[in-house]
1. Looking for something open to solvent by 20 Å² or more (accessible area, probe 1.4 Å), farther than 28 Å from Asp322 by Cβ, in a loop (DSSP other than H, G, I, E, B) and out of contact with any Lys or Arg (no Cβ under 8 Å at 6 or more places or on another chain) - is there at least one such residue anywhere in segment 207-221?
2. Give segment 334-349 a look and list any residue that's open to solvent by 10 Å² or more (accessible area, probe 1.4 Å) and modelled with pLDDT of 95 or more, or say none.
3. Scan segment 435-459 and report the pairs whose first residue is modelled with pLDDT of 95 or more and whose second residue is small (Gly, Ala, Ser) and surrounded by fewer than 22 Cβ atoms within 10 Å (Cβ to Cβ), with Cβ atoms within less than 6 Å and a gap of 6+ or a chain change.
4. Can you report the number of residues in segment 43-62 which are in a helix (DSSP H, G or I) and either in contact with a Ser or Thr (Cβ under 8 Å, 6 or more places away or on another chain) or within 24 Å of Ser119 (Cβ to Cβ) (or both)?
5. What number of residues in segment 39-81 are aromatic (Phe, Trp, Tyr) and within 18 Å of Asp18 (Cα to Cα)?
6. So, Ser328, is that one part of a helix (DSSP H, G or I) and either closer than 30 Å to Leu185 by Cα or modelled with pLDDT under 50 (or both) or not?
7. Look through segment 139-161, keep the residues that are in a helix (DSSP H, G or I) and open to solvent by 90 Å² or more (accessible area, probe 1.4 Å), and return whichever of them is modelled with the lowest pLDDT.
8. Give the residues of segment 93-129 that are outside any helix (DSSP H, G or I) and more than 14 Å from Ser13 (Cα to Cα), sorted by residue number.
Amino acid sequence: MSSPAANIATAISTPTLDSESPALLQSITSHGGYAFTRMATLAAAGDQRAAEAACEMAWEQLHSGPWHSVLPVWRDAYSVACLHVAKFHFSNGEFRDALRSLDMGIIMGGPLLRKDLDSAIEVVLAAKSRHYHNGVADDDKEGHGEAGSRLLVSPQELDKSEVLRILPIRSLSSKIVGKRSALSLEAFLCEYFLSGSPVIITDCMAHWPARIRWNDMDYLRRIAGDRTVPVEFSGNLVEQWNPSPGNRILNDHNGKKLQIFPLTDESFRERCSWVGKNYLCSEWKQELVTFSEFLERVQSTGCSSKAPTYLAQHQLFDQINDLRKDISIPDYCCAGGGELRSLNAWFGPAGTVTPLHHDPHHNILAQVVGKKYVRLYSATYSEELYPYSETMLYNSSQVDLDNIDEVEFPKVRDLEFIDCILEEGEMLYIPPKWWHYVRSLTTSFSVSYWWSTDSGSSM
């Protein structure tokens, strides 16, 4: 029988790393990474401690300054180290630790070794499945009861009077967003896309496996429970804040350094569109957790909680392929002859709020599980909605719709808007530059499709 060390090279195949390693290590060395190169070489030869040391070295380089200033070669170096560490965990049968290392390589690393990371994840997941084929691991047994006992959201009718108590003033009292069923692509293009008008499409998601599967806690745990994801929250942490995008350091009260999650300047600007208020608030935090831990937080968070945990605007489906298979890209996203720019997940408990903002792209918000309230203001009202003057917050309003300061923002109170409660199975089309505010009324799992048009294409 071969030893674990002998299996390291064959357990997880890394063809890109194998072929690119000499040139990559030479490039890292040329940028001062002599120690990293030595540790990575030892790791490839079977030294687990060297692999862990290389991972720490690359991690420190990723956080030596603002994310946009990090040399791309160090992102690839981090992916190299994560692959080596994952190999050792995998050879020792430590599947969860291996998955975490690989996810960290995807989230924090560069693009060069992405295929190796993705294929390694498939190998680990397959091995984990085989390992538990004849029995479920102890920490996976919880909740496997009768069908329907582990629903993420139970069927319920909302009490409108109760809902209105938590919504901004004048909600559901004005014009409601129109709904269409069996809306053809041609009708969507002519009646809504070209005119820049919002619409709710009611029957376009019935065939998605996600409509059933994503409301099943056991399914979500089984498919994604051991995967690592970034979440936003207002938690019991002390934050050291560097105003440069992507340089956030979270400490616990013992001073131990936790995770730092990177944001490029572009993604920071986009994410400010939905958490603009939170980025200016000292209570806002980020953390990397397992999906199972996130699910537990979602279930334990009540509607009245002031600190909900939110998996927001994350490219979850690029990271976890099994969830991507549960949904489809709506044909409407082909309108205008453009291309899909972003496919993001929004998953959290009741009470999560997306502050008033607008986006540069066409947007279809697909409500897979739960219900959301959405308020929209026409792009023509930008001046009356008091956008921030700062460049990175230009698409975010200073107005807090949940507590409007009528002295500071006198134009907002009587401004015309349209709104709706977006139900499960419905899609909302939000045209570019339309201002929108979103509040989850229940635990909610949504998908947003952003696409841009090709100005050179013919309609």
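1. No, that holds for no residue.
2. Leu343, Trp346
3. Trp450/Ser342; Trp451/Gly338
4. Number of matching residues: 11.
5. Summing the residues that are aromatic (Phe, Trp, Tyr) and within 18 Å of Asp18 (Cα to Cα) in segment 39-81 gives 2.
6. Here the answer is no, as Ser328 does not meet what is asked.
7. In this case the residue turns out to be Lys141.
8. Gly93, Glu94, Gly109, Gly110, Pro111, Leu112
The values are calculated or read from the model by the stated rules, or taken from the named source; none is laboratory data. The structure displayed is predicted, hence computed values, not measured ones. Don't worry about glycine lacking a Cβ; one is built from the backbone with ideal geometry, like all the others, and counts go over all protein chains shown. Heads up: the accessible areas ignore ligands, DNA and RNA and are worked out on the full protein's heavy atoms, side chains in. Shrake-Rupley method; radii C 1.70, N 1.55, O 1.52, S 1.80 Å.
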